[in-house]
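The values are calculated or read from the model by the stated rules, or taken from the named source; none is laboratory data. Because the structure is predicted, anything quoted here is derived from the model rather than measured. Backbone-built Cβ (ideal geometry, glycine too); neighbour counts: all protein chains shown.
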Amino acid sequence: MKKLAIFAFISLILGVCENKSQTSNSTNNTTSTKTEAKNDIDKSIVYVNSDSVIANYELYKKSIKEFEVKRNQYTGDIENQANAFQNKVLQAQQKAQSMTMGEIEATKKSLAAEEQRLMQYRETLLQNLASQEKEMVEKINKNIDDFMKRYAEKNGYKMILGYKQGVTAWYGDSRLDITPEVIKGLNEEYNQAQAGSKNEKETKKDSVKK
(Lines give C-alpha, C1' and ligand atoms only; values in the text may rest on other atoms or scores of the structure.)
Protein backbone atom coordinates (compact mmCIF):
# COMPACT_ATOMS: atom_id res chain seq x y z
CA MET A 1 0.00 0.00 0.00
CA LYS A 2 2.82 2.36 0.84
CA LYS A 3 4.42 1.67 -2.57
CA LEU A 4 1.14 2.43 -4.31
CA ALA A 5 0.78 5.70 -2.37
CA ILE A 6 4.36 6.70 -3.20
CA PHE A 7 3.82 5.81 -6.87
CA ALA A 8 0.63 7.90 -6.97
CA PHE A 9 2.40 10.85 -5.34
CA ILE A 10 5.28 10.67 -7.85
CA SER A 11 2.79 10.49 -10.74
CA LEU A 12 1.00 13.55 -9.37
CA ILE A 13 4.24 15.52 -9.12
CA LEU A 14 5.28 14.54 -12.65
CA GLY A 15 1.86 15.55 -13.93
CA VAL A 16 2.07 18.98 -12.33
CA CYS A 17 5.58 19.52 -13.70
CA GLU A 18 4.47 18.50 -17.17
CA ASN A 19 1.52 20.90 -17.05
CA LYS A 20 3.80 23.74 -15.93
CA SER A 21 6.21 22.91 -18.73
CA GLN A 22 3.42 22.94 -21.29
CA THR A 23 2.07 26.23 -19.90
CA SER A 24 5.55 27.77 -20.01
CA ASN A 25 6.10 26.59 -23.58
CA SER A 26 2.68 27.94 -24.56
CA THR A 27 3.50 31.33 -22.98
CA ASN A 28 6.89 31.45 -24.70
CA ASN A 29 5.32 30.56 -28.04
CA THR A 30 2.69 33.26 -27.56
CA THR A 31 5.34 35.87 -26.68
CA SER A 32 7.45 34.78 -29.62
CA THR A 33 4.45 35.03 -31.93
CA LYS A 34 3.66 38.54 -30.65
CA THR A 35 7.26 39.63 -31.15
CA GLU A 36 7.33 38.22 -34.66
CA ALA A 37 4.02 39.93 -35.43
CA LYS A 38 5.42 43.22 -34.14
CA ASN A 39 8.49 43.00 -36.33
CA ASP A 40 6.71 41.43 -39.26
CA ILE A 41 6.17 44.62 -41.27
CA ASP A 42 7.54 45.85 -44.57
CA LYS A 43 9.84 48.79 -43.80
CA SER A 44 10.86 49.51 -47.37
CA ILE A 45 8.69 52.63 -47.12
CA VAL A 46 8.96 54.67 -43.91
CA TYR A 47 8.06 58.19 -42.83
CA VAL A 48 9.16 61.11 -40.71
CA ASN A 49 7.27 63.95 -39.07
CA SER A 50 8.48 66.94 -41.10
CA ASP A 51 7.79 69.51 -38.39
CA SER A 52 9.66 67.49 -35.74
CA VAL A 53 12.68 66.99 -37.99
CA ILE A 54 12.96 70.72 -38.71
CA ALA A 55 12.25 71.88 -35.16
CA ASN A 56 14.85 69.54 -33.64
CA TYR A 57 17.56 70.01 -36.27
CA GLU A 58 20.50 71.83 -34.65
CA LEU A 59 21.38 73.64 -37.89
CA TYR A 60 17.84 75.04 -38.04
CA LYS A 61 17.97 76.16 -34.40
CA LYS A 62 21.28 77.95 -34.92
CA SER A 63 20.26 79.48 -38.26
CA ILE A 64 16.93 80.79 -36.98
CA LYS A 65 18.63 82.45 -34.00
CA GLU A 66 21.17 84.16 -36.26
CA PHE A 67 18.38 85.23 -38.62
CA GLU A 68 16.34 86.69 -35.75
CA VAL A 69 19.37 88.74 -34.67
CA LYS A 70 19.78 90.17 -38.18
CA ARG A 71 16.06 90.89 -38.51
CA ASN A 72 16.04 92.73 -35.17
CA GLN A 73 19.08 94.74 -36.28
CA TYR A 74 17.43 95.69 -39.57
CA THR A 75 14.14 96.55 -37.86
CA GLY A 76 15.92 98.63 -35.23
CA ASP A 77 17.90 100.49 -37.88
CA ILE A 78 14.77 101.31 -39.90
CA GLU A 79 12.89 102.45 -36.80
CA ASN A 80 15.77 104.70 -35.69
CA GLN A 81 15.97 106.39 -39.08
CA ALA A 82 12.19 106.74 -39.25
CA ASN A 83 12.13 108.38 -35.81
CA ALA A 84 14.94 110.74 -36.80
CA PHE A 85 13.03 111.73 -39.94
CA GLN A 86 9.85 112.28 -37.94
CA ASN A 87 11.73 114.60 -35.60
CA LYS A 88 12.94 116.64 -38.59
CA VAL A 89 9.37 116.97 -39.84
CA LEU A 90 8.21 118.20 -36.42
CA GLN A 91 11.07 120.72 -36.22
CA ALA A 92 10.23 122.00 -39.70
CA GLN A 93 6.57 122.43 -38.73
CA GLN A 94 7.57 124.39 -35.62
CA LYS A 95 9.83 126.72 -37.64
CA ALA A 96 7.40 127.12 -40.55
CA GLN A 97 5.83 130.34 -39.23
CA SER A 98 9.19 132.12 -39.15
CA MET A 99 10.24 130.86 -42.60
CA THR A 100 9.90 132.57 -45.96
CA MET A 101 7.95 130.88 -48.75
CA GLY A 102 11.23 129.99 -50.45
CA GLU A 103 12.58 128.36 -47.30
CA ILE A 104 9.35 126.42 -46.81
CA GLU A 105 9.47 125.10 -50.37
CA ALA A 106 13.12 124.16 -50.00
CA THR A 107 12.40 122.38 -46.70
CA LYS A 108 9.49 120.46 -48.29
CA LYS A 109 11.71 119.28 -51.14
CA SER A 110 14.44 118.28 -48.75
CA LEU A 111 12.08 116.31 -46.51
CA ALA A 112 10.41 114.66 -49.51
CA ALA A 113 13.80 113.57 -50.86
CA GLU A 114 14.83 112.23 -47.46
CA GLU A 115 11.54 110.38 -47.10
CA GLN A 116 12.06 108.78 -50.51
CA ARG A 117 15.60 107.78 -49.58
CA LEU A 118 14.34 106.27 -46.31
CA MET A 119 11.67 104.25 -48.13
CA GLN A 120 14.24 102.92 -50.61
CA TYR A 121 16.61 102.04 -47.77
CA ARG A 122 13.82 100.19 -45.97
CA GLU A 123 12.90 98.29 -49.14
CA THR A 124 16.55 97.32 -49.71
CA LEU A 125 16.92 96.00 -46.16
CA LEU A 126 13.72 93.97 -46.41
CA GLN A 127 14.83 92.50 -49.75
CA ASN A 128 18.20 91.55 -48.23
CA LEU A 129 16.43 89.97 -45.28
CA ALA A 130 14.12 87.97 -47.55
CA SER A 131 17.10 86.84 -49.63
CA GLN A 132 18.98 85.68 -46.53
CA GLU A 133 15.91 83.83 -45.27
CA LYS A 134 15.50 82.07 -48.62
CA GLU A 135 19.17 81.11 -48.64
CA MET A 136 18.87 79.77 -45.09
CA VAL A 137 15.81 77.65 -45.91
CA GLU A 138 17.42 76.27 -49.09
CA LYS A 139 20.57 75.31 -47.19
CA ILE A 140 18.60 73.50 -44.47
CA ASN A 141 16.39 71.69 -47.00
CA LYS A 142 19.41 70.63 -49.07
CA ASN A 143 21.18 69.26 -46.00
CA ILE A 144 18.08 67.27 -45.04
CA ASP A 145 17.54 66.02 -48.61
CA ASP A 146 21.16 64.86 -48.92
CA PHE A 147 21.02 63.15 -45.54
CA MET A 148 17.75 61.37 -46.38
CA LYS A 149 19.27 59.94 -49.57
CA ARG A 150 22.29 58.59 -47.70
CA TYR A 151 20.16 57.32 -44.83
CA ALA A 152 17.77 55.51 -47.18
CA GLU A 153 20.61 53.83 -49.07
CA LYS A 154 22.34 52.81 -45.84
CA ASN A 155 19.18 51.26 -44.33
CA GLY A 156 17.66 49.83 -47.51
CA TYR A 157 14.62 52.11 -47.61
CA LYS A 158 12.95 52.51 -50.98
CA MET A 159 11.15 55.67 -49.90
CA ILE A 160 11.09 58.07 -46.94
CA LEU A 161 7.89 60.06 -46.74
CA GLY A 162 7.44 63.35 -44.90
CA TYR A 163 4.09 64.06 -43.29
CA LYS A 164 2.23 66.53 -41.11
CA GLN A 165 -0.60 65.25 -38.96
CA GLY A 166 -3.94 65.90 -40.60
CA VAL A 167 -2.37 67.58 -43.63
CA THR A 168 -0.70 64.94 -45.78
CA ALA A 169 -1.61 61.89 -43.68
CA TRP A 170 -4.17 61.06 -41.03
CA TYR A 171 -2.53 57.87 -39.84
CA GLY A 172 0.76 56.02 -40.06
CA ASP A 173 1.87 52.83 -38.31
CA SER A 174 4.28 53.95 -35.57
CA ARG A 175 6.62 51.09 -36.49
CA LEU A 176 7.33 52.92 -39.76
CA ASP A 177 8.12 56.22 -38.01
CA ILE A 178 11.88 56.86 -38.15
CA THR A 179 11.70 60.51 -37.04
CA PRO A 180 13.86 60.08 -33.89
CA GLU A 181 16.57 58.19 -35.80
CA VAL A 182 16.66 60.83 -38.55
CA ILE A 183 16.89 63.71 -36.06
CA LYS A 184 19.70 61.94 -34.22
CA GLY A 185 21.60 61.25 -37.44
CA LEU A 186 21.18 64.80 -38.75
CA ASN A 187 22.46 66.34 -35.53
CA GLU A 188 25.38 63.93 -35.27
CA GLU A 189 26.51 64.91 -38.78
CA TYR A 190 26.03 68.61 -38.03
CA ASN A 191 27.95 68.46 -34.74
CA GLN A 192 30.80 66.55 -36.40
CA ALA A 193 30.98 69.14 -39.18
CA GLN A 194 30.99 71.97 -36.62
CA ALA A 195 33.76 70.31 -34.63
CA GLY A 196 35.81 69.80 -37.81
CA SER A 197 35.32 73.41 -38.85
CA LYS A 198 36.35 74.62 -35.38
CA ASN A 199 39.51 72.50 -35.42
CA GLU A 200 40.37 73.77 -38.91
CA LYS A 201 40.02 77.41 -37.79
CA GLU A 202 42.20 76.79 -34.73
CA THR A 203 44.84 75.13 -36.90
CA LYS A 204 44.91 78.15 -39.24
CA LYS A 205 45.24 80.53 -36.29
CA ASP A 206 48.18 78.53 -34.94
CA SER A 207 49.89 78.51 -38.34
CA VAL A 208 49.44 82.31 -38.65
CA LYS A 209 50.96 82.87 -35.19
CA LYS A 210 54.00 80.80 -36.14
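Mind listing whichever residues of the range 71-95 are charged (D, E, K, R) and surrounded by 13 or more Cβ atoms within 10 Å (Cβ to Cβ)?
If we filter the range 71-95 for residues that are charged (D, E, K, R), which is where we start, we get 71, 77, 79, 88, 95.
Listed by number, the residues that qualify are Arg71, Asp77, Lys88.
Considering only residues of the range 162-200 that are more than 17 Å from the chain's Cα centre (by Cα) and of a type in the set (Ser, Thr, Tyr), which is surrounded by the fewest Cβ atoms within 10 Å (Cβ to Cβ)?
Checking each candidate, the answer is Ser174.
For the range 56-101, how many residues meet the condition of being in contact with a helix residue (DSSP H, G or I) (Cβ under 9 Å, 6 or more places away or on another chain), of a type in the set (Ser, Thr, Tyr) and over 30 Å from Phe147 (Cβ atoms)?
Residues that pass the stated criteria total 2.
Sort through Ser110, Ser98 and tell me the only one that's loosely packed, with under 10 Cβ neighbours inside 10 Å and over 30 Å from Lys142 (Cβ atoms). Write out each step before concluding.
Values: Ser110 fails: loosely packed, with under 10 Cβ neighbours inside 10 Å.
The conditions single out Ser98.
Please indicate, with yes or no, whether at least one residue in the range 137-157 is among the acidic types (Asp, Glu), over 28 Å from Lys65 (Cα atoms) and surrounded by 15 or more Cβ atoms within 10 Å (Cβ to Cβ).
no
If we keep just the residues of the range 49-70 that are modelled with pLDDT of 95 or more and not in a helix (DSSP H, G or I), which is surrounded by the most Cβ atoms within 10 Å (Cβ to Cβ)?
That would be Tyr57.
Which one of these does Lys43 not meet: (1) touching a helix residue (DSSP H, G or I) at 6+ places or on another chain (Cβ under 8 Å); (2) at pLDDT 90 or above; (3) of a type in the set (Lys, Arg)?
Condition not satisfied by Lys43: (2).
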